[in-house]
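The values are calculated or read from the model by the stated rules, or taken from the named source; none is laboratory data. Fair warning: this is a prediction, and the values are worked out from it, not measured in the lab. Because the Cβ atoms are built from the backbone with ideal geometry, glycine has one as well, and the counts that use them run over all protein chains shown. Calculation scope for accessible area: heavy atoms of the full protein, side chains included, ligands and nucleic acids excluded. Shrake-Rupley method; radii C 1.70, N 1.55, O 1.52, S 1.80 Å.
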Amino acid sequence: MRLPIGLLVASVAGGLLSAAAAVLAMPGASMQFGLVMLLALLAYVLLDRSARRVRWAVAGGIGLLAVVEVMRLLWYQEQVLEVGWVSYGPAAEASILGPWRDSIDRQRLAALGLALGVACLVAGVLSLPSRGRRRGAATTALALLLLAWFGLDSTREFVRYPLSDLLGTVWPTLLAALVAMGALALSGWRADRRWLLPVGLFLLSLGAANAYSDLAAMWSGWWEMANPDQDAFLELGMAVSTATEDSLQVSSAVETMIPLAGTGLTAVGALHSSREATDRMGLLLMGDEGRDAAEDDGPSA
């Protein structure tokens, strides 16, 4: 087995193991296997023979996402979970709101890394030559539908909470989602024959949208605690009680798998599309050289 194929197989295996660990409620192992997946994919991209501008942009995006995964793994290892009854007063606010706000700041930093990683992947996609295919209209329509769904789903946060404070926290994930959806709209004109690139960007858009929802939900919970009322405390108690149930975390596995699969398919699809464009250009040049040689030989006797 050649080294690039072995790296690709290792990347797929790492992604599957990451999802399996998420199903078994093992977040630390899930993040570790996700990091293995990204590092193997990074090595595969660096060894590829696609165009340099595409390869380095995609590699930069994967590298940034790997750095984000390392950050999250380190934060998880430092985290200490303590569940207890919530009480009123300054002592409760100091013991809960401070660490909660620190967690939000960390997630916002990770979201900034996510936005930069997605931007690098999109830069690699935009470096691909346009093929002028009509199926670009299909990816544009899909991106518009996804954008409409994302906008409707985000409306409740925009209406219920102070818009400036909310955007000040979630803007990195919002930017990542919009950039990924924009790239999805343009991917039909640059797609490889297997359509790995549009599928990858669709999953990457879903992953960025989910990251936005998670960060917005975390911030909105903190905001309700910082501006307390009785309903907010009751809702928090319900959330704590349901989160401690022992069950297979299928939803966590799906949330883990979507961005990893989206990153992998986007990277592989961009490389395939670049190689196909290079091969097509080579065939065209060979055809031109053949015609020139025939003209130089002149008519046969």
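Per-residue answers, yes or no, for (1) within 24 Å of residue 270 (Cβ to Cβ); (2) out of contact with any Leu (no Cβ under 7 Å at 6 or more places or on another chain):
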| position | (1), (2) |
| --- | --- |
| 156 | no, yes |
| 182 | yes, yes |
| 198 | yes, no |
| 203 | yes, no |
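Of the set (1) closer than 20 Å to residue 206 by Cα; (2) at pLDDT below 85; (3) open to solvent by less than 70 Å² (accessible area, probe 1.4 Å), all apply to residue 120 but (2). Beta carbons closer than 7 Å, at least 6 apart along the sequence or on distinct chains, pair a first residue in the stretch 26-51 that is closer than 16 Å to residue 6 by Cα with a second that is of a type in the set (Asp, Glu) for 38/69.
Open to solvent by 40 Å² or more (accessible area, probe 1.4 Å), part of a helix (DSSP H, G or I) and modelled with pLDDT of 75 or more, is that true of residue 199? Yes, satisfied.
Here residue 157 meets each of (1) touching a residue at least 12 places away in the same chain (Cβ under 8 Å); (2) under 21 Å from the mean Cα position of the chain (by Cα) with one exception, condition (2). Residues that are open to solvent by less than 60 Å² (accessible area, probe 1.4 Å) and either at pLDDT 85 or above or closer than 28 Å to residue 119 by Cα (or both): does the stretch 83-98 have at least one? No, there is no match, as no residue in the stretch 83-98 is open to solvent by less than 60 Å² (accessible area, probe 1.4 Å) and either at pLDDT 85 or above or closer than 28 Å to residue 119 by Cα (or both).
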